[in-house]
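First the structure, in the form of structure tokens, and then the observations on it.
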Amino acid sequence: MKHSTLGSYIRSLRTQNNMTQAMLAAKLGVTDKAVSKWERDLSYPDIALFPKLADCLGVSVNDLLNESIDEGHPSRLEQIYEMSSDFRTPLHMILGCVDMAEMHIDDRELMQKYLQSIRISGEYLLKTINRAMEVVCQAVSTMQGTSVSENAATLEASLKEPPGSRVSIAERFDFSGKRILIAEDMELNREIAGELLKQTGAVTEYAVDGQACLDRITEAPAGYYDLVLMDIAMPNMDGLEATRRIRQLPDAKKASVPIVAVTANACERDRKLAMESGMDAFTEKPFFMDRLFETMKQFLYKT
């Protein structure tokens, strides 16, 4: 049964799991006050926390996203206006699932899985856009030259890409024998990136957060990983801190592994922070294979 708000859903699940607000806050690495605000719908958990929050409460990320589709988040409007990740994260999932569906068109079970994720992510994105439009609709009405319907037509035309063209892009890149470490906390995003890279012949391994990424590089032989795709917003240790610590490793070869930021936070400030932390390049979610592979090629073809 759907709850009236995400906050009430979180509170109900926390109670079912016999957790206090303090216990849930400790598991998530946030303050008691933050959890209290979520449950009273005074604020909203960052979408980057959804995987860990879902795990703590014993549900799936899709369950949380389903609850987020509902109305009733008075403080959400300001947050979604400021945070592009709220748009980019579900959009990344949608486009990634489309890529995956094209690659597994004959597998009915996988197709149903990807279609469900597309539907839920699409509804979440639509609600987010609707709330944001309440803020920007007046500005949109004053724009000159291009109407909303014209923008929609342009988008529709851009999506009319031959079904096999995305896969053919991958055939232009040969990363055979290259070992890529994907640091990403959301399982679906890991699956999408891994499946796309599989088309190039690359070998992929995964880390669920920055600490796990640092541990893998520290424990592996020097030169074992050829490149790291590093999400920035992750629980436990974010990608910026993980990168800083990797660059400080005593083994020079490990410390110099190429690191490419992959993030839904795409503003100039985020790009600057990524570069300052020691990352080598910056790519945005949702990513497209040709752009991502072109960026990776700069580093992989050198090795």
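The values are calculated or read from the model by the stated rules, or taken from the named source; none is laboratory data. This is a predicted model, so every value here is computed, not measured. Because the Cβ atoms are built from the backbone with ideal geometry, glycine has one as well, and the counts that use them run over all protein chains shown.
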Fill in the blank from the handout: If we keep only residues of the stretch 164-193 that are surrounded by fewer than 19 Cβ atoms within 10 Å (Cβ to Cβ) and either assigned to a strand (DSSP E or B) or in contact with a strand residue (DSSP E or B) (Cβ under 8 Å, 6 or more places away or on another chain) (or both), then the residue modelled with the highest pLDDT is Arg179
Problem - Residue count for the stretch 244-266, restricted to those that are loosely packed, with under 15 Cβ neighbours inside 10 Å and of a type in the set (Lys, Arg) - result: 1
Practice task
State yes or no: is Lys272 over 27 Å from Asp174 (Cα atoms), basic (Lys, Arg) and over 17 Å from the mean Cα position of the chain (by Cα)?
Solution key: yes
Handout entry: Met279 assigned by TED's automatic domain parsing to the domain that holds Ala212 and surrounded by 20 or more Cβ atoms within 10 Å (Cβ to Cβ)
Key = yes
Fill in the blank from the handout: By residue number, the members of the stretch 227-236 that are more than 17 Å from Met275 (Cβ to Cβ) and crowded, with 19+ Cβ neighbours inside 10 Å are Met234, Pro235
Practice task
Output yes when any residue across the stretch 216-226 is hydrophobic (A, V, I, L, M, F, W, C) and surrounded by fewer than 19 Cβ atoms within 10 Å (Cβ to Cβ), and no when none is.
Solution key: yes
Fill in the blank from the handout: With criteria (1) surrounded by fewer than 21 Cβ atoms within 10 Å (Cβ to Cβ); (2) outside any helix (DSSP H, G or I), Leu273 comes up short on (2)
Problem - Selected residue (criterion: nearest to Asp209 (Cα to Cα)) from residues of the stretch 19-48 that are of a type in the set (Asp, Glu) and touching a Gly at 6+ places or on another chain (Cβ under 8 Å) - result: Glu39
